[in-house]
Amino acid sequence: PASNLGLEDIIRKALMGNMEE
Amino acid sequence: ELSQDQQALINYIVDAHNKHRIPQEMAKKLLQEQFNAKENFLLLTEMATTHVQVLVEFTKNIPGFSTLDHEDQIALLKGSAVEAMFLRSAQVFSKKQPNGHTEVLEDRIRRSGMSEEFITPMFNFYRSIGELQMMQEEHALLTAITILSPDRPYVKDQQAVERLQEPLLEVLRKICKIQHPHDPQHFARLLGRLTELRTLNHHHAEMLESWRMS
C-alpha cells in the first residue's frame with residue numbers, strides 16, 4: 001500500500017504523474 | 001494596490017489550492033466511522049500519503065516551479081511536506097465547522113497514539129493560525145511560500161528558488177495591508193507562523209518514530 005512508501009517515493013511518483021500507482 | 005499581474009497570480013494560486021485538496025470521501029471517513037487505535041493510525045497514514053500527493057499537484061501549479069532543477073523540486077517538497085500539511089490542517093481547524101465536527105476531529109487525533117508533548121504544540125499552532133483570521137488567499141500564498149523555501153536541505157540552486165519565492169512574498173505583503181489595514185503587523189505575524197512551523201517540522205520526525213513504536 002501507498003502508506004508503506006517513503007515520503008520521497010511518494011513525491012517522485014506524484015511528480016511524474018503516476019499518482020494511481 | 002495590486003497590479004493586474006499580481007491579481008492574476010493570486011487567483012491562479014488560490015484556484016490551484018482549492019482544487020488540490022484531500023478528496024471529500026476520505027475527509028468524511030474521519031467524521032463518520034469509528035476506528036480502533038490501529039485503524040486510526042492507518043487512516044491518518046493514508047491521509048498523510050494523499051496529502052503529499054495533492055501537495056505535489058498543487059506545487060506543480062506554482063508559477064516557475066517546473067523550471068527548477070528536478071532534484072531541487074524533490075528537495076523542496078521533501079523539506080516542506082510536513083509544514084504544508086500542518087498549514088492545511090490549521091486551515092481546516094480555523095474554519096467554522098458544523099456542530100461537533102471539530103471535537104470529533106480533535107478527539108480522533110488525541111486518540112491516535114501520538115504523545116501529548118507533540119499534540120499540545122500542534123493544537124497551539126492551530127489556535128494561533130485561527131487567531132489571525134486568514135483569508136483563503138493568505139493560506140494559499142503562505143503554503144506556496146513555505147514550499148519555495150530556498151534554505152531546505154539539499155537544494156542546490158537556492159537563488160533560483162528565491163527568485164520564485166520573492167514575488168509571492170511581495171504579493172502576500174500587499175494583501176495583508178489591504179485585508180488587514182488595522183493590523184500593520186499582520187504580515188510579520190504570518191512570517192512568524194512559518195518559524196513556528198519549522199519547530200513543528202523539527203519535532204515531527206521523532207514524534208512519528210515514537211508513534212510508530214506505540
Filtering region B:124-150 for residues that are in contact with a helix residue (DSSP H, G or I) (Cβ under 7 Å, 6 or more places away or on another chain) and either modelled with pLDDT under 95 or not β-branched (Val, Ile, Thr) (or both) leaves a count of 18
Reported set for region B:63-98 where residues are outside any helix (DSSP H, G or I) and either surrounded by fewer than 19 Cβ atoms within 10 Å (Cβ to Cβ) or touching a Ser or Thr at 6+ places or on another chain (Cβ under 9 Å) (or both) is B:PRO63, B:GLY64, B:ASP69, B:LYS95, B:LYS96, B:GLN97, B:PRO98
Filtering region B:44-54 down to residues that are more than 8 Å from chain A (Cβ to nearest Cβ) and within 17 Å of B:ILE145 (Cα to Cα) yields B:VAL54
Note on B:THR120: of the conditions (1) assigned to a helix (DSSP H, G or I); (2) within 23 Å of B:ARG21 (Cβ to Cβ), unmet is (2)
Picked from region B:15-43 (must be surrounded by fewer than 18 Cβ atoms within 10 Å (Cβ to Cβ) and modelled with pLDDT of 90 or more), the residue nearest to the other protein chains (Cβ to nearest Cβ) is B:HIS20
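Which members of region B:192-213 meet the condition of being among the hydrophobic types (A, V, I, L, M, F, W, C) and exposed (fewer than 15 other Cβ atoms within 10 Å of the Cβ)? So that I can check it myself, show each step before the final result.
Step one: filter region B:192-213 for residues among the hydrophobic types (A, V, I, L, M, F, W, C), giving B:194, B:197, B:200, B:205, B:207-208, B:211, B:213.
Correct list: B:LEU194, B:ALA205, B:MET213.
The values are calculated or read from the model by the stated rules, or taken from the named source; none is laboratory data. Owing to the predicted nature of the structure, the values given are computational and were not obtained by experimental measurement. Positions of Cβ are generated from backbone atoms using ideal geometry, with glycine treated the same way; all protein chains shown enter the neighbour counts.
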